[in-house]
Structures are given as C-alpha cells and as structure tokens.
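Take a look at the structure set out below.
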Amino acid sequence: MTPTMRPHSLAPLPCRYLLAALLLSSSLTVTCLSQSQQSPPPSAAVSSTISVNSDLVALPVRVTDSNGNVVSGLTLQDFTVFEDGRPQKITLFQQEDAPVTVGLVVDHSRSMGPKLGGVIAAVSAFAHSSNPQDEMFVVDFNDDVWLQILGGKPFTHSADDLEKEINAVSARGRTALYDAVAEGLNHLRFGHCEKKALIIVSDGGDNASHQKFSQILDLAQRSQVLIYSIVLQGDGQEENPGALRHLSKSTGGISYLPSPSQSIASISALIARDLRDQYTLGFAPEKPSGVASFRKIQVKVSAPGRGKLHVRYRPGYFAVDASHSSPPSGKSAP
C-alpha cells in the first residue's frame, strides 16, 4: 500500500465538455471495465489521456414523493429536461444499480482526532454498502494531501482494503481540505465507471490549502462528479460546514450534518443508497462557443397519480471546448 503525495497547486480538470453530471460516449454502456482493463499503475497513468467519440450530457436525477420515498417505475415520457429554458431531446434513459467510481476524501488533521472513530465507521459503512463492482480510492489529508495506492492499483473493490488504510493514519497537523478535494476530482478522471462521486468526511475547515474555495467550487462545477459530504462538528473554531454544503448542492449531491445521537455509519449507507436510486437522463448539448459558459439545467416530472414529486439534480454545467490533459505527476510520501 503505497501512498502517492501530490503537490498542492493542482491543475484544473480539463474536459472537452465540462458537463453537469457525466461525459459519456454514446456508444458506452453503464458499467465499469473489468479489473484487467483498469488504469495502469500511477506512474503510467500520469501520461494517459482521456477521450470520447461523441458527447452526451448525462444527468443523474433522484425522484421522491412527499414522504421522501424514492419513486421508481417512471418512464422517459414522464421527464422533461430544459437547458437555459430550452427543452432538450432525451436520448439516454436508465434506471439501474450501475457501478460507481467513488473517491473518499478523509480529514486526518489534528481537529479530527476525537472524531476519527466516526470517520472510520463512515468509510466502513459506505464500503460495505457499495456495489461489488464499484471502483474506490482514498485521499487522506492534513497539512499534506496523499492518494493511497491500495494493493498497488489506483482503485480497489475491497472494503477491507479501505478500512485498513483509514485505520493506519493518525490525526495530526493542519487542514488542506480544498487541495484534497482537487486531488480527488483529478483522480476520478481515471475511473472507468460512468457515474462518479466524491464523499468528503471532514469538519469543513481549511487552514493549509494553496487553493481557495472559489477555485474548488469552479473545478467541481466543471467536472462530472456528484459530491456528498459528511460534516463532523465539534468545538473547532475553524469548522466551516457551509462550504461543504455549498459544494454538495452545486453538484447535485447532499451534505449531511449528523446530530450527536445520529449514527454516522447510517449516513454513509444513505449515501450509498442515494447513488443507486437514481435515474440517468441524457441529451446532446449544443456545441460550445469556445468561451466557458454556465448552462442552467431544469428537470420536470409529470406523473399523474403519483402525487407531488420532488426532483434533485445538478443545477447546471459549464460548456466549453477544451483539450484533455493529465494531472500533474506526484512524488512518494515519506
């Protein structure tokens, strides 16, 4: 298990279409590649590029009723998607438990010391609630940010591997949360599952990053990633739950602020289930103008007899022509 340290000044996430939820090739199916087809070891992955043949905005959508229960069984005809107020032709419609590439961004700064038991419980619960085909990885951070290479590979399917890694790191130092989120967003680009997510476990404070929150928010809005956060609060003066709440809402995820009596493990299981209980709607966007522009998304559901329905989705995406590039090379942590 070899950790890979990344510099704090991480590059933005370049994509041909910087989409609301996912960049897909229209010829792809919702599945992960087999283990033998996964990314090469990190030293080789650094020089890799990512490309697709045609572009599709794929939008994860969760529908619930007035009691918060998931609404299943809807059809394509029940949905209408708008981009900047203009209706779009839905060319992709799916509802299934598809594998996900998931990054767990875990705070190991000094302020998290009393909360590490909850952190371990959160990671363990998510890993054991996940699809066996999920690709998972961990980004740990305190003053520094390091990507754990589990079993010598950039992703793992093993919940046990994740638990061992989290248990092996103690709490110390300051908090480079924003740099860690950028590292997670960069590494997700090498995953093979079409749906991608980050789960951040932290108190939301940051006192050691080179990047600012505005930069991280911009990266997230230009990415293909759903961001969930579990905000563990205590008596820390630098806690900032609002930052994580904003980041999650802007990407179509959820931010959880557990009460003292609430099980953190149960929240992790909720996140795992939320990733499963989603429709995926896709449409072909108009060609970008060459200048980054934020395009607002609206999804409406009309299902007579279902009562009042609530729809959660990413509020929009940046569309711009940009060439792919790989993330900066890293160095081994001491």
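The values are calculated or read from the model by the stated rules, or taken from the named source; none is laboratory data. Model, not experiment: these values are computed from the prediction. Reconstructed Cβ throughout: ideal geometry from the backbone, glycine too, with neighbour counts over all protein chains shown.
Return the only residue of Leu185, Leu177 being out of contact with any His (no Cβ under 7 Å at 6 or more places or on another chain) and closer than 26 Å to Ala58 by Cβ. Give the derivation first.
Values: Leu177 fails: closer than 26 Å to Ala58 by Cβ.
Exactly one of Leu185, Leu177 is out of contact with any His (no Cβ under 7 Å at 6 or more places or on another chain) and closer than 26 Å to Ala58 by Cβ, namely Leu185.
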Handout entry: Residue list for region 265-316, filter: free of Cβ contacts under 8 Å to residues at least 24 places away in the same chain and within 24 Å of Thr101 (Cα to Cα)
Key = Leu270
Problem - Residues (surrounded by fewer than 19 Cβ atoms within 10 Å (Cβ to Cβ), among the hydroxyl-bearing types (Ser, Thr, Tyr) and not in a helix (DSSP H, G or I)) located in region 241-261 - result: Ser259, Ser261
Problem - Output for region 108-167, where each listed residue is among the polar types (S, T, N, Q) and either in contact with a Cys (Cβ under 9 Å, 6 or more places away or on another chain) or farther than 19 Å from Asp179 by Cα (or both) - result: Ser124, Ser129, Ser130, Asn131, Gln133, Thr156, Ser158, Asn167
Handout entry: Subset of region 94-142 (residues that are farther than 13 Å from Val169 by Cβ and of a type in the set (Asp, Glu))
Key = Glu96, Asp97, Asp134, Glu135
Completion exercise
Filtering strands (runs of 3 or more DSSP E) wholly in region 262-321 for at least 2 residues that are within 23 Å of Val70 (Cα to Cα) gives 279-283, 293-301, 310-312
Exercise for the section: Could you run through region 149-191 and say how many residues are surrounded by 19 or more Cβ atoms within 10 Å (Cβ to Cβ), of a type in the set (S, T, N, Q) and under 21 Å from Ser111 (Cα atoms)? Expected result: 1
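So for region 129-137 (the condition being at pLDDT 90 or above and not acidic (Asp, Glu)), does at least one residue qualify?
Checked against the condition, which is being at pLDDT 90 or above and not acidic (Asp, Glu), region 129-137 yields at least one hit.
Taking the conditions exactly as written (in contact with a Ser or Thr (Cβ under 7 Å, 6 or more places away or on another chain) and outside the structural domain of Ser255 (by TED's automatic domain parsing)), does Lys308 satisfy them or not? Working first, answer last.
Values: in contact with a Ser or Thr (Cβ under 7 Å, 6 or more places away or on another chain): yes; outside the structural domain of Ser255 (by TED's automatic domain parsing): yes.
It is true that Lys308 is in contact with a Ser or Thr (Cβ under 7 Å, 6 or more places away or on another chain) and outside the structural domain of Ser255 (by TED's automatic domain parsing).
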